[in-house]
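Chemist: Have a look at this one before I ask anything.
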Amino acid sequence: MAKPILLSVDDDSDVLRAIERDLRSHYGADYRVIGSDSPEGALGLLKQLKLRNDSVALLLADQRMPRMDGIGFLQEAMEIYPDAKRALLTAYADTNAAIGAINQASINYFFMKPWDPPSEHLYPQLDDLLEDWQASYRPAFEGIRVLGTRWSPRSYELRDFLARNRVPYQWIDVEQTVNDPETKRLLEALGPDAPSLPIVLFPDGTKLLKSAPGDVAQKVGLRTRAQTDFYDLAIVGGGPAGLAAAVYGASEGLHTVIIEREAPGGQAGMSSRIENYLGFPSGLSGGDLARRAVAQAMRFGVEILSQEAVGARIEGSYRIIKLADNSEISCHALMIATGVQWRKLDAPGIDRLQGAGVYYGGGATEALSCKNEIVYVVGGANSAGQAAMNFARYAQRVVILVRGDSLSSTMSQYLIDQIKATSNIQLWTHASVAEAHGETHLEEMSVLCTDTNTVERVPASSMFIFIGALPRTDWLGDLVNRDERGFLLTGPDLMQDRQRPQGWTLDRIRSCWRPMSRESSPWAMCGMVRSSVWLQESAKDR
Ligand SMILES: Cc1cc2nc3c(=O)[nH]c(=O)nc-3n(C[C@H](O)[C@H](O)[C@H](O)COP(=O)(O)OP(=O)(O)OC[C@H]3O[C@@H](n4cnc5c(N)ncnc54)[C@H](O)[C@@H]3O)c2cc1C
C-alpha cells in the first residue's frame, strides 16, 4: 500500500532540504516525504497526486515566497486535498500574518523558523496533527479508475472489457456523482482533459483519454504482442473450445498461442450460472469457469494474446494469421474456435441506443446499475433465462419478452422452474420489440403484441437482447469451406457427393469434431464446442 504523503514547499533550497531531512528521519517509515521549491510547482504536483489517488496527510509551506505566499498556497491546495493537515513555516516577523491565517485559511498550525531542536519544536506538534489525520484516514483505492457515464457506449464497452478480463477497477460515473466533492476535485485536477471520457487513470499517474479496450489492454498487462512469431499450434478464439484445445495441445508439449479479441471465456464467460458442466454439481459462473481454464492453460505455458485475427493464409506448410495491429504470426496447425456472436435485433432505434440502455448479452457490468429498475430481457432461450435470474437479484422487476406463447420449447426445464419460482420475473408472451425510443439513452420501447395485434409503448431504461447468434467468419475468406450462414464446415459435412473438398491433400479423411446443433437450444451436456474446426491435421501428426 502506498504511504501517505507529507509535502513541504519552500523557495529557499537550504530550508527545504532541512525540513525534508527532519521529516524523513522522523516520519519516513510511515510517510513519503516530498518537497517542492515553488508553490506553483507544488499545486501541479498535488493535481498529479490526486489523479494517482495518492493520500496527502500534511502540507507544510513557507509563508514568504515570491508570486504566491504560503497562505495563498495552502488555500489553493485545500481545494485539491481538503483533508490534509495544513501548517505554515514563518519567520518571527510574520507571526501576525500566521495567526490571522489560522482562521482565514483554516491553517492547523504554524512553526517558527528555525525549529531546532525538532524534537521540541516540530515533532510533538506534527505528531498531534498526524494522529488527528490518521483517525479519519481511509486508504484510497489503489487500482485502475475509470471515469465515464452510464449511458455512454464507449464507457460500457470499456467496463465490459475490464470486467470480462477480470481486471479490477473502480467505476466513477461522473454524471451520477456530479455533486460528489471528490469527483469534482478529480475533474478539476484533470483540467481540460476532463471532457475526454471515458478516462482511465492508472496508479502510476498515467492516464488514457477517450480510451478504448485495445489501448487499455497493453497497459494492464494483457499481452498484445506475441512472444515469438512461430507456434506449433495457434488457436483463434479463447472460448471454452479454444481454451480446452489449448490445454490439451500445450499439455502434449505443443508451443501454443490463443488469439482472443475480447476476453478468455467467450460466450460462456458471460453466463451468470452454468449448471450443466460436467464435474460442477452445483454449477459455476462463466467467469469462474474462464478463470480456472485460463489458469490451467497458462500453467501449461499457453500464451494468450489480446488481439483480433483479421486474416489467414497458407504458405507451404505454414499457416499465417494476420492480427488487427498488422502483425503476423505463423504456425504449423491453426484452429478456429471463434464461436458465434449475438444476432442483431432489427428494429428502429436499437442500433443507435446500443450500449446506452440496449445491450447484447449478459451485461454483467450492468446488473448493479439496474438496481431497483425494470429490466427487459428479450429472448426465450437459456441465455435469456440465466440473465433474467441474475438481474432478478438486483432489479425491481425483470420482464422476459418472447414471441411464442411459452418458454417450454426454447428453455431448459430447470431454468423454467427457477423463473416460475422467482416472484419478480414476469413473462410477456406474444411480444416482440417494435422500436426503441430515447435521445441519449433508452427511455421507452414499443412492443408489438401479436395476439392482439396492438403496439404497447412502455417506459424502459435497460433492454438485454438474447435472440440467438451467428458466426463471424468473413475474415477467413475462401480459406475454409463455410455454409451460407458462415458456419465452418467440419467432418463429414465437408464431403460433397462423397468427394473430399477441393485442396484436400491428405490420404485419409481426418475425423474432426462434428459441429453440434447450430440452434441455441438444447445445450449439450458439457459440449460447449459448437463451431470449432481443425484447419489442418494437428502439429503432432507431422
Ligand atoms: C449468457 C450465456 C449463457 C450460457 N450458458 C450456458 C450453459 O449454462 N450451459 C452451456 O452448455 N452453454 C451455455 N452457453 C453457451 C456456451 O457459452 C457456448 O456454447 C460456448 O461458449 C461456445 O464455446 P466456443 O469456445 O465454441 O465459442 P465462444 O464461447 O463463442 O468463444 C469464441 C471466442 O472467439 C473470440 N473471437 C471471435 N472471433 C475472433 C477473432 N477474429 N479474433 C480473435 N478472437 C475472436 C470471441 O471473442 C470469443 O471469446 C451460454 C451462452 C451464453 C451467451
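The values are calculated or read from the model by the stated rules, or taken from the named source; none is laboratory data. In this text, all values refer to a predicted model and were calculated from it rather than measured experimentally. Cβ atoms come from the backbone with ideal geometry, glycine included; neighbour counts cover every protein chain shown. SASA here: full protein model, heavy atoms, side chains in, ligands and nucleic acids out. Shrake-Rupley method; radii C 1.70, N 1.55, O 1.52, S 1.80 Å.
Chemist: Need one number: the % of Cα-Cα pairs in segment 59-105 sitting beyond the 14 Å mark. Walk me through the numbers on the way to the answer.
Modeler: On the way: 468 of 1081 pairs.
So the portion of pairs separated by more than 14 Å is 43 percent.
Chemist: First select every other residue whose beta carbon is under 12 angstrom from the beta carbon of residue 14; then total the charges, Lys and Arg +1, Asp and Glu -1.
Modeler: Numbers: positive: 17, 21, 113; negative: 10, 11, 12, 20, 37, 62.
Taking every Cβ under 12 Å from that of residue 14, the sum is -3.
Chemist: Per the Kirkwood treatment, what hydrodynamic radius in Å, one decimal, follows for segment 213-268 from the mean inverse distance over all distinct Cα pairs?
Modeler: Details: mean 1/r = 0.0835 Å⁻¹.
Kirkwood hydrodynamic radius for segment 213-268: 12.0 Å.
Chemist: First compute the accessible area of segment 85-142 with a 1.4 Å probe, then give the percent of it belonging to carbon and sulfur atoms. Could you put the intermediate results ahead of the total?
Modeler: On the way: 1670 of 3260 Å².
Exposed carbon and sulfur together represent 51 percent of the surface.
Chemist: Can you classify segment 6-78 as rounded, prolate or oblate using the Cα gyration tensor, where a ≥ b ≥ c are the square roots of its eigenvalues, rounded means a/c under 1.5, and otherwise it's prolate if a/b beats b/c and oblate if not?
Modeler: Details: a/c = 2.03, a/b = 1.10, b/c = 1.85.
Cα axes put segment 6-78 in the oblate bin.
Chemist: Could you give the length gained by full extension between residue 373 and residue 484, i.e. 0.36 nm per residue of separation minus their alpha carbon distance, to one decimal place? Intermediate results must be reported in sequence, preceding the final value.
Modeler: Values: separation 111, 0.36 × 111 = 39.96 nm, distance 4.09 nm.
The residue 373-residue 484 span can extend by a further 35.9 nm.
Chemist: If you find the alpha carbon centre of segment 384-460 and of segment 208-257, how far apart are they in angstrom?
Modeler: First find each Cα centre; the distance between them is then 37 Å.
Chemist: Continuing with this model, one more query. If you average 1/r over every pair of different alpha-carbon atoms in segment 62-135 and take one over that average, what Kirkwood value in Å do you get? Show your work: numbers first, answer last.
Modeler: Numbers: mean 1/r = 0.0786 Å⁻¹.
Evaluated over segment 62-135, this radius sits at 12.7 Å.
Chemist: Cα axis of helix 70-80 to longest principal axis of the chain: angle in degrees, 0 to 90, nearest 10?
Modeler: 20
Chemist: OK, next. Over all directions, the average projected area of the alpha-carbon convex hull for segment 389-520 comes to how many nm²? Intermediate results must be reported in sequence, preceding the final value.
Modeler: Working: hull surface 51.3 nm².
Answer in nm², one decimal: 12.8.
Chemist: Please list, in order along segment 122-134, the HN-Hα scalar couplings obtained from phi with the Karplus expression 6.51 cos²θ - 1.76 cosθ + 1.60 (θ = phi - 60°), rounded to whole Hz, x for Gly and Pro.
Modeler: 10, 5, x, 5, 5, 4, 4, 4, 6, 5, 4, 4, 4
Chemist: Let me ask you something else. Rounded, prolate or oblate: which one fits segment 178-291, using the alpha carbon gyration tensor with axes a ≥ b ≥ c (rounded when a/c is under 1.5, else prolate when a/b beats b/c, else oblate)? If you can, show how the numbers build up before the last one.
Modeler: On the way: a/c = 3.79, a/b = 1.71, b/c = 2.22.
Oblate shape, in that a/c is at least 1.5 and b/c is the bigger or equal ratio.
Chemist: While we're looking at this one, here's another question. Please compare each pair in 47/219; 3/47; 113/184; 184/219 to a cut-off of 28 Å on the Cα-Cα distance and tell me which ones are over it.
Modeler: Numbers: 47/219 22 Å; 3/47 17 Å; 113/184 36 Å; 184/219 26 Å.
Checking Cα-Cα distances, 113/184 exceed 28 Å.
Chemist: Now for a different question. Simple spin-label model, 7 Å along Cα-to-Cβ: residue 47 to residue 132 in nm?
Modeler: It is 2.9 nm.
Chemist: Let me ask something else about it. Please list, in order along segment 465-480, the HN-Hα scalar couplings obtained from phi with the Karplus expression 6.51 cos²θ - 1.76 cosθ + 1.60 (θ = phi - 60°), rounded to whole Hz, x for Gly and Pro.
Modeler: For segment 465-480, the Karplus-derived couplings read 9, 9, 10, x, 8, 9, x, 10, 10, 4, 4, 7, x, 8, 4, 10 Hz, x marking Gly and Pro.
Chemist: Using a simple charge model, +1 on the beta-carbon of Lys and Arg, -1 on the beta-carbon of Asp and Glu, nothing else, what dipole does the chain show about its Cα centre, in debye to the nearest 20? Could you put the intermediate results ahead of the total?
Modeler: Numbers: 56 positive and 67 negative charges, 414 e Å.
Approximately 2000 debye in magnitude.
Chemist: After finding the eigenvalues of the alpha carbon gyration tensor for the chain, what semi-axes result from the square roots of 5 times each, listed largest first in whole Å?
Modeler: They are 57, 31, 19 Å, listed from largest to smallest.
Chemist: May I ask for the angle, rounded to the nearest 10°, between helix 39-51 and the longest principal axis of the chain, with both axes built from Cα atoms and the value confined to 0 to 90°?
Modeler: 30
Chemist: Oh, and also: Express in Å², to the nearest 10, the accessible area of residue 489 obtained by rolling a 1.4 Å probe over the protein heavy atoms while all chains stay in place.
Modeler: 30
Chemist: Give the shape of segment 133-234 as rounded, prolate or oblate, defined through the alpha-carbon gyration tensor: a ≥ b ≥ c are the square roots of its eigenvalues, a/c under 1.5 means rounded, and otherwise the shape is prolate if a/b is larger than b/c and oblate if not.
Modeler: Numbers: a/c = 2.42, a/b = 1.78, b/c = 1.37.
Prolate shape, in that a/c is at least 1.5 and a/b is the bigger ratio.
Chemist: Right, another one. Once fully extended, how much extra length lies between residue 458 and residue 76, figured as 0.36 nm per residue of separation less the alpha-carbon to alpha-carbon distance? Could you put the intermediate results ahead of the total?
Modeler: Numbers: separation 382, 0.36 × 382 = 137.52 nm, distance 4.97 nm.
Gain in length upon complete extension: 132.6 nm.
Chemist: Solvent-accessible area per residue for the chain at a 1.4 Å probe radius, Å²?
Modeler: Working: 25900 Å² over 542 residues.
For the chain, the solvent-accessible area averages 48 Å² per residue.
Chemist: Return one number: the angle in degrees, 0 to 90 and rounded to the nearest 10, between the long axis of the Cα atoms of helix 13-27 and the longest principal axis of the Cα atoms of the chain.
Modeler: 70
Chemist: Could I ask something else about it? Can you give me the solvent accessible area of residue 383 with a 1.4 Å probe, rounded to the nearest 10 Å²?
Modeler: Estimated to the nearest 10 Å², residue 383 gives 30 Å².
Chemist: Sticking with this structure for a sec: Using a 1.4 angstrom probe with every protein chain in place, what is the largest-first accessible-area order of 144, 314? Can you show the working numbers first?
Modeler: Values: 144 15, 314 85 Å².
The residues order as 314, 144, largest area first.
Chemist: Across bins of 10 angstrom width beginning at 0, how are the C-alpha pair distances of segment 354-451 distributed, in whole percent?
Modeler: Whole-percent P(r) values from 0 Å outward: 16, 50, 31, 3.
Chemist: Residue 103 to residue 177: extension gain in nm, 0.36 nm per residue of separation minus the Cα-Cα distance? All intermediate terms of the calculation are to be shown ahead of the outcome.
Modeler: Numbers: separation 74, 0.36 × 74 = 26.64 nm, distance 3.07 nm.
Extra length available between residue 103 and residue 177 comes to 23.6 nm.
Chemist: Could you check the simple spin-label distance between residue 91 and residue 346, using points 7 Å along Cα→Cβ, in nm with one decimal?
Modeler: 8.3
Chemist: Once amide H atoms are placed 1.01 Å from N in the peptide plane, what residues at a sequence separation of 5 or more from residue 481, or on another chain, have their amide H within under 5 Å of its amide H?
Modeler: 489
Chemist: Let's test the formula: R0 of 22 Å, r as the Cβ-Cβ distance of residue 67 and residue 193. What FRET efficiency results, to the nearest 0.05? Mind showing how you got there, number by number?
Modeler: Working: r = 25 Å, r/R0 = 1.15.
Between residue 67 and residue 193 the formula returns 0.30.
Chemist: In what order, largest first, do 92, 156 sit by accessible area if the probe radius is 1.4 Å? Intermediate results must be reported in sequence, preceding the final value.
Modeler: On the way: 92 185, 156 25 Å².
Putting 92, 156 in descending order of accessible area: 92, 156.
Chemist: Can you give the accessible area of residue 428, probe radius 1.4 Å, in Å² rounded to 10?
Modeler: Number for this one is 50 Å².
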